[in-house]
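The next block holds one structure in the form of structure tokens; read it before the comments.
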Amino acid sequence: MATKTNSTAENISATAKKTAQPPKYNVIMHNDDYTTMEFVIETLQSVFHKNPTEATHLMLTIHQKGNAICGCYSYEIAETKIAQAHKLANAAGHPLRCSMDRI
């Protein structure tokens, strides 16, 4: 009869060590002189799911400091959020720009 050298707990522990969390990315919205404050608030609410108070606070931060972090996501989700924001901005004729930065 053969004996097991690894217990189930050891296998789970080894698997957990091999599985690392994917890197996270901050999505950053940048200020410009043409996009309206109302449109920025609407975009923050619809794309980034911010409530009206959070969206207004972020919009003011973007306006005053030049940019602000809208959220922290995995690469694919960050990329999708940026594409959604750019699509809304293009459709409305605004030059709104978002970018992402790895944490």
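Rule-based calculations on the coordinates, nothing more; no lab input. Note that this is a predicted model, so its numbers are computed, not measured. Backbone-built Cβ (ideal geometry, glycine too); neighbour counts: all protein chains shown.
The simple spin-label model puts a point 7 Å past each Cα toward its Cβ; for Thr56 and Thr19 those points are separated by 4.3 nm. Between Leu88 and Glu42, the modelled labels are 0.9 nm apart [label points 7 Å from Cα along Cα→Cβ].
The mean sequence distance of close C-alpha pairs (under 8 Å, at least 6 residues apart), as a share of the length of the stretch 22-95, puts its relative contact order at 48 percent.
Averaging Cα coordinates gives a centre for the stretch 40-63 and one for the stretch 72-103; these two points are 14 Å apart. Taking a point 7 Å out from the Cα of His49 in the direction of its Cβ, the residues of the stretch 72-88 whose backbone N falls within less than 14 Å of it are 72-74, 77-78, 81. Pairs over the 26 Å Cα-Cα cut-off, from the set Lys24/Lys87; Lys18/Lys87; Lys24/Lys50: Lys18/Lys87.
Amide H contacts of Ile28: Cys70, Ser99, Met100, Asp101, each under 5 Å away and 5 or more positions distant or on a separate chain (H built 1.01 Å from N in the peptide plane; Pro and chain starts excluded).
Dipole of the stretch 49-103 computed with +1 at Lys/Arg Cβ and -1 at Asp/Glu Cβ about the Cα centre; of Ala92, His49, Thr80, farthest Cα towards the positive end is Ala92.
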